[in-house]
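Student: Quick one: this structure, given as structure tokens, is what I'll be asking you about.
The values are calculated or read from the model by the stated rules, or taken from the named source; none is laboratory data. Predicted, not measured: the structure shown is a model, and the values here were computed from it. Glycine also receives a Cβ, built like all others from the backbone with ideal geometry; neighbour counts cover every protein chain displayed.
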2 protein chains.
Amino acid sequence: MSEEDAADEGPDPASGDPTVESVTADVHDQIDPDADERARLREIADRLVERAETAATDCCEGVDVLQVGSTARNTWVSGDRDIDIFVRFPPDLERETLERYGLKVGHETLPDGHEEYAEHPYVKGTVEGFDVDVVPCFRLESATEIRSAVDRTPFHTTYLQARLDDELADDVRLTKQFLKGIGAYGSDLRTRGFSGYLTELLVLEYGGFRPLLEAAAAWHPQVELDPEGHGRTTFTDPLVVIDPTDPERNVAAVCSPTNVARFQHYARSFLDAPRTDVFEPDEPAPLTESDLQTHLERRGTTPVAIQTDAPDLVDDQLYPQLQKSLDGVTTGLDDRGFDVFRATAIADETAVILVELAVSERPAIERHDGPPVHVRSHADGFYEAYVDAPDTYGPYIDGDRYVTERPREFTTARDFLESDRLFDVGLGAHVQTALEDEYTVLAGEELTRLCEEFGRELSAYFDPSP
Amino acid sequence: MSEEDAADEGPDPASGDPTVESVTADVHDQIDPDADERARLREIADRLVERAETAATDCCEGVDVLQVGSTARNTWVSGDRDIDIFVRFPPDLERETLERYGLKVGHETLPDGHEEYAEHPYVKGTVEGFDVDVVPCFRLESATEIRSAVDRTPFHTTYLQARLDDELADDVRLTKQFLKGIGAYGSDLRTRGFSGYLTELLVLEYGGFRPLLEAAAAWHPQVELDPEGHGRTTFTDPLVVIDPTDPERNVAAVCSPTNVARFQHYARSFLDAPRTDVFEPDEPAPLTESDLQTHLERRGTTPVAIQTDAPDLVDDQLYPQLQKSLDGVTTGLDDRGFDVFRATAIADETAVILVELAVSERPAIERHDGPPVHVRSHADGFYEAYVDAPDTYGPYIDGDRYVTERPREFTTARDFLESDRLFDVGLGAHVQTALEDEYTVLAGEELTRLCEEFGRELSAYFDPSP
């Protein structure tokens, strides 16, 4: 997204420049579901809840059915088409039985649905263009008794339904769109941003979109919010929002420090110069091969990459594994003197760990410090091992130690990445399996081969914005 | 010097291999002054002392004259031709008067002598092939009252003359020659090795050459010797020998950790395999240009050097300045990402700082971490400064901070060394003046230009031994 001068004096309503009010009114027009959309959603959701209730009552006593999520709370952004239906079973049910009943209810509610697996198995399907999940959980007295994360969801819905009036719900929608625009919306492990529930709590806590932005502009992490004043655990995250339904949980735990700072940056920038484009996710043009070559020349770094088939995993499993592999590979390179300048991991059909190095080559030899001369048991062994080694300089003495200069194992990053030593670094399990099967090392201009599959990702990498 | 297997079981006298006894007997034949040399030295020294006494008594009451140093103590190595004559004036003399009297006595003793300046001015001359110094000092009751280092010398001579019998004096000579052979003899600031006085104290303390070597082979620094048991200060040096004439002085203070370890190494190696070549200073053949090229190719390092006219200073002033300049230049290179592999400073007609780098080139850009986004006063300024900078990537956010990637000042070591920024590093004062006047940067194969002047130094650098 393009960026105005963040230090401007702020908008001047008399000038005809956009104001927070004028911009948010425009955005509301775009994102608020209209009466038709609401009615249609209401009608379909009611029908599905009823169907699920009938099926549930058939298999078990003491069951109830609840619509949850943003479409239940009037906080969905127009065009979002998720209907979440939770079937709550009595807590004394065996977990196995709950799963069996849950799938039965799911299939009866969504005859064309299929099974998926999160914390429990559940049924997912499409009804008149809406994505519907039918999820079983336990009906508990309090969120602190939960046995899995899904059990918590109904408590969130109950808490928010009681507190979000229409005006706040409007502001939740606005805030969600703002976070989508700046790329910080979503608690999936690829984005590590603000979840819908976190967004709702923040709007509720600060009393609206604008007060939230004004507060965020002045945040001094650690920022801790505790709407119910019942927190009793210490967290190290920059943003801490104690779950009103669970005093031991930080709702913002998954939100990365970068996304907290990003939200702060855009909050300031938007209040200084209100504009609609902040609400529009950035869609960079894919980087062309010649753009890439221009960047490489201008930067003078040494790019290397390893490319392999992407492991067949959902994003929430894939991205932590990619991150772990990225950390491992960059540590392996740094440890061997190939200073890492910047790096990223990206995936689509293939998975790529891309590393820009600040050092292209190391000498043929490396310094190898031996023991102090006075530690005779070690010193004699070291001296003996190297005194006649044909490719080694020394041993000589530096300070109190023997030192030799011996041949280095790897003089280029490619040598290392193509060697078995790559598998000594920490890698995500499925990434490791994929690499063991086959991988390619790309260096220098060979990186242009990535442009077709990863043009947008490379564009974002080489033109980084806040 | 060539090196035998240090882990051998030790010499076997029955085998006909050299033993410590047979080797030291051979060395004694080489280094002990014969009766003629002793007699000639005695005769000349006595004549000069007498001449100095006559001259001294003429200008001042209460003066005495003392021969000091190794030729006074029977510990000189055959061929050393230094006669040191100290003229001791009463302590109530003004320093200026002492200096005037001292020069007068010096010139009358050495009519062809010339003045030099150490702590006081003194007169130096040549008499029948001997180098003679006539040095004025104060005659004090105790070495703790000294006003300058020269006042201490007579106390050392008195102390040692009373304790070194002929046998110990023989062993002092042997030890001096051993230290010369391994390059660790001399307390000048180029060598930073063992002084004559330190050598004498060590032989005295351990009771001879062989017991000293056996002790040194097992040293665990910090090694502290205090012959008079009067030390009262704590030192951090690896070897501490409290001066018997001054409880607050470590006689081994100037001896570098490397030379202490070197002595230990050769003590072990000699006891394991006694041989005469340890007593012969290494005279490596000068490195040829083609040898140098072979080394550079084999090492794969990036050599750079700065060469300038050597400042006109005595070694004890020059070498500390060279060392300071070397530290400054290597720090300057390291700080800019040109990792220093090994380096040395050498001087003859010209002074050279030679640095081998492990990194030949850096990228065109460098990462520049800005302030945390939440520190708004700094963050806004940083963001503004870079958001429109044409050659800069970012600002983007990493963790809680703004980061940019901006052009680097220097992408090669030569660029840095040829720039004015060279003068931002710590340089020895006279070295700095010489560089300000003119200097040349050499890189890669241009280093061969140093072979003619510094062939031996380069040979020692590229073929380092303990």
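Student: Tally the residues that are aliphatic (A, V, I, L, M), under 23 Å from A:Thr71 (Cα atoms) and out of contact with any Cys (no Cβ under 8 Å at 6 or more places or on another chain), restricting the search to region A:196-240.
Tutor: Within region A:196-240, residues that are aliphatic (A, V, I, L, M), under 23 Å from A:Thr71 (Cα atoms) and out of contact with any Cys (no Cβ under 8 Å at 6 or more places or on another chain) number 5.
Student: Let me ask something additional. Given the structure, is B:Tyr461 within 30 Å of A:Val387 (Cα to Cα), within 14 Å of chain A (Cβ to nearest Cβ) and at pLDDT 95 or above?
Tutor: On the way: within 30 Å of A:Val387 (Cα to Cα): yes; within 14 Å of chain A (Cβ to nearest Cβ): yes; at pLDDT 95 or above: yes.
Against the criterion (within 30 Å of A:Val387 (Cα to Cα), within 14 Å of chain A (Cβ to nearest Cβ) and at pLDDT 95 or above), B:Tyr461 qualifies.
Student: Moving on. What residue, of B:Pro303, B:Pro320, is outside any loop (DSSP other than H, G, I, E, B) and within 12 Å of chain A (Cβ to nearest Cβ)?
Tutor: The unique qualifying residue is B:Pro303.
Student: Please find, among A:Leu98, A:Leu140, the residue that is touching a strand residue (DSSP E or B) at 6+ places or on another chain (Cβ under 9 Å), surrounded by fewer than 19 Cβ atoms within 10 Å (Cβ to Cβ) and aliphatic (A, V, I, L, M).
Tutor: Criteria check complete, one pass: A:Leu140.
Student: So which of B:Thr24, B:Thr71 is farther than 30 Å from B:Ala273 by Cα and of a type in the set (S, T, N, Q)?
Tutor: Being farther than 30 Å from B:Ala273 by Cα and of a type in the set (S, T, N, Q) holds for just one of B:Thr24, B:Thr71, which is B:Thr71.
Student: Another question about this same structure. If A:Glu119 satisfies all but one of (1) in contact (Cβ under 8 Å) with a residue 24 or more places away in the chain; (2) not assigned by TED's automatic domain parsing to the domain that holds A:Leu93, what's the number of the condition it fails?
Tutor: (2)
Student: Looking for something surrounded by fewer than 23 Cβ atoms within 10 Å (Cβ to Cβ) and within 14 Å of chain B (Cβ to nearest Cβ) - is there at least one such residue anywhere in region A:232-247?
Tutor: Checked against the condition, which is being surrounded by fewer than 23 Cβ atoms within 10 Å (Cβ to Cβ) and within 14 Å of chain B (Cβ to nearest Cβ), region A:232-247 yields at least one hit.
Student: For residues that are closer than 30 Å to B:Val431 by Cα and of a type in the set (S, T, N, Q), tally how many sit in region B:351-384.
Tutor: Qualifying residue count, region B:351-384: 1.
Student: Could you tell me whether A:Gly399 is within 14 Å of chain B (Cβ to nearest Cβ) and either at positive phi or modelled with pLDDT under 95 (or both)?
Tutor: Against the criterion (within 14 Å of chain B (Cβ to nearest Cβ) and either at positive phi or modelled with pLDDT under 95 (or both)), A:Gly399 qualifies.
Student: Okay, next question. Filter region A:270-319 for residues that are farther than 30 Å from A:Val27 by Cα, of a type in the set (Val, Ile, Thr) and at pLDDT 95 or above and give the result.
Tutor: Selection gives A:Thr288, A:Thr294, A:Thr301, A:Thr302, A:Val304, A:Ile306, A:Thr308.
Student: Right, something else. If we keep just the residues of region B:248-262 that are crowded, with 18+ Cβ neighbours inside 10 Å and assigned to a strand (DSSP E or B), which is nearest to the other protein chains (Cβ to nearest Cβ)?
Tutor: B:Asn250
Student: Let me ask another. A:Asp334 - would you say it is more than 11 Å from chain B (Cβ to nearest Cβ), charged (D, E, K, R) and touching a residue at least 60 places away in the same chain (Cβ under 8 Å)?
Tutor: No; evaluated as a whole, the condition is false for this residue.
Student: Restricting to region A:343-367, name every residue that is over 30 Å from B:Ala343 (Cα atoms), within 14 Å of chain B (Cβ to nearest Cβ) and touching a Ser or Thr at 6+ places or on another chain (Cβ under 8 Å).
Tutor: Correct list: A:Ala343, A:Val355.
Student: Identify, please: which residue in region A:368-391 is within 7 Å of another protein chain (Cβ to nearest Cβ) and touching a strand residue (DSSP E or B) at 6+ places or on another chain (Cβ under 8 Å) and is, among those, farthest from A:Thr404 (Cα to Cα)?
Tutor: A:Val373
Student: Pick out, from region B:153-207, the helices (runs of 4 or more DSSP H) lying fully within it that include 2 or more residues that are more than 20 Å from B:Arg249 (Cα to Cα), in the same structural domain as B:Glu224 (by TED's automatic domain parsing) and touching a residue at least 12 places away in the same chain (Cβ under 8 Å).
Tutor: Values: elements: B:153-161, B:166-181, B:196-206.
Fully inside region B:153-207 and qualifying: B:166-181.
Student: Anything in region A:417-466 that is surrounded by fewer than 18 Cβ atoms within 10 Å (Cβ to Cβ), in contact (Cβ under 8 Å) with a residue 12 or more places away in the chain, among the small types (Gly, Ala, Ser) and outside any helix (DSSP H, G or I)? List them, or say none.
Tutor: A:Gly426, A:Ala443
Student: Same structure again: Tell me which residues, restricted to region A:404-416, are within 11 Å of chain B (Cβ to nearest Cβ), surrounded by 20 or more Cβ atoms within 10 Å (Cβ to Cβ) and not in a loop (DSSP other than H, G, I, E, B).
Tutor: Listed by number, the residues that qualify are A:Thr404, A:Glu405.
Student: So, one more: May I ask you to list the residues in region A:272-286 that are of a type in the set (Lys, Arg) and either surrounded by fewer than 18 Cβ atoms within 10 Å (Cβ to Cβ) or under 15 Å from A:Asp463 (Cβ atoms) (or both)?
Tutor: Residues satisfying the conditions do not exist here.
Student: Now for a separate question. Taking the stated definitions as given, is A:Ala218 within 14 Å of chain B (Cβ to nearest Cβ) and of a type outside the set (S, T, N, Q)? Please lay out each step first, then the result.
Tutor: Values: within 14 Å of chain B (Cβ to nearest Cβ): yes; of a type outside the set (S, T, N, Q): yes.
Yes: the conditions hold for A:Ala218.
Student: Exactly one of these conditions fails for A:Thr440: (1) within 14 Å of chain B (Cβ to nearest Cβ); (2) under 30 Å from A:Asp282 (Cβ atoms); (3) over 26 Å from the mean Cα position of the chain (by Cα). Give me its number.
Tutor: Of the numbered conditions (1) within 14 Å of chain B (Cβ to nearest Cβ); (2) under 30 Å from A:Asp282 (Cβ atoms); (3) over 26 Å from the mean Cα position of the chain (by Cα), the odd one out for A:Thr440 is (1).
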